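Here the structure comes first, spelled out in structure tokens, and everything after it is commentary.
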Amino acid sequence: MTPFQTYISQLCTRHKDIRHSADETHFACSADSAQTVMAQQLHYPAVFLDEGDFTIGGETGQMAQRRECSLTFVTHVADSGSSEEVQAALTMTGRLLLDFLSKIVSDRREAKREVRGIQLVGAEAHRVELEGAGLYGWMFFFANETQLPLCQTDNSIFDD
């Protein structure tokens, strides 16, 4: 796992309403194989981290990789037809999203390496409503930017 994936996994473990553990899986990320995630008994609320496509920006000598990410918080409702249950699920998962954002902002102020490149300006949150599966929640889209070490220090990686 990347340092950021480990960071989010640790937040899931430490959050009082999630309590991710080896015995009770509440967290999955795009680096996990689909078979592994499906083989696990996923518990709710569940948190999914996807680190997707990236762009390269900046100037020569100070280039950065900007990766598009999403953090999804979902929970299961027994009756998708119950507007009260659905609203309670959206409220609870919205609170989880804000809890994580608050912690990320706090950790950025403390200059924690894992969240240094998180870009929240322009970030968006969208509701998740998978009625057939009974899953409801929020998906938060943001960017994670890291500086690229473009100095080649090992000349043995290319044949002359």
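Just so you know, all these numbers are worked out from the coordinates, no wet-lab data involved. The model shown is predicted, which means the values in this text are computed figures rather than measured ones. Neighbour counts run over all protein chains shown; Cβ positions are idealised from the backbone, glycine included.
For the subset of segment 67-94 comprising residues that are over 15 Å from the mean Cα position of the chain (by Cα) and closer than 17 Å to Asp17 by Cα, which member is surrounded by the most Cβ atoms within 10 Å (Cβ to Cβ)? Can you show your working first?
Just the residues of segment 67-94 that are over 15 Å from the mean Cα position of the chain (by Cα), to begin with: 75-92.
Subset that is closer than 17 Å to Asp17 by Cα: 75-77, 88-92.
Values: Thr75: 21, His76: 18, Val77: 20, Ala88: 14, Ala89: 26, Leu90: 19, Thr91: 11, Met92: 18.
Looking at residues that are over 15 Å from the mean Cα position of the chain (by Cα) and closer than 17 Å to Asp17 by Cα, I get Ala89.
Just name the residue that is farthest from Val128 (Cα to Cα) out of those in segment 55-107 that are of a type in the set (Gly, Ala, Ser) and touching a strand residue (DSSP E or B) at 6+ places or on another chain (Cβ under 7 Å).
Gly58
If I filter segment 105-113 for residues that are buried (at least 18 other Cβ atoms within 10 Å of the Cβ) and within 23 Å of Glu124 (Cα to Cα), do I get at least one hit?
No.
Considering only residues that are of a type outside the set (Val, Ile, Thr) and more than 16 Å from the chain's Cα centre (by Cα), look in segment 43-62 and name the one that is surrounded by the most Cβ atoms within 10 Å (Cβ to Cβ).
His43
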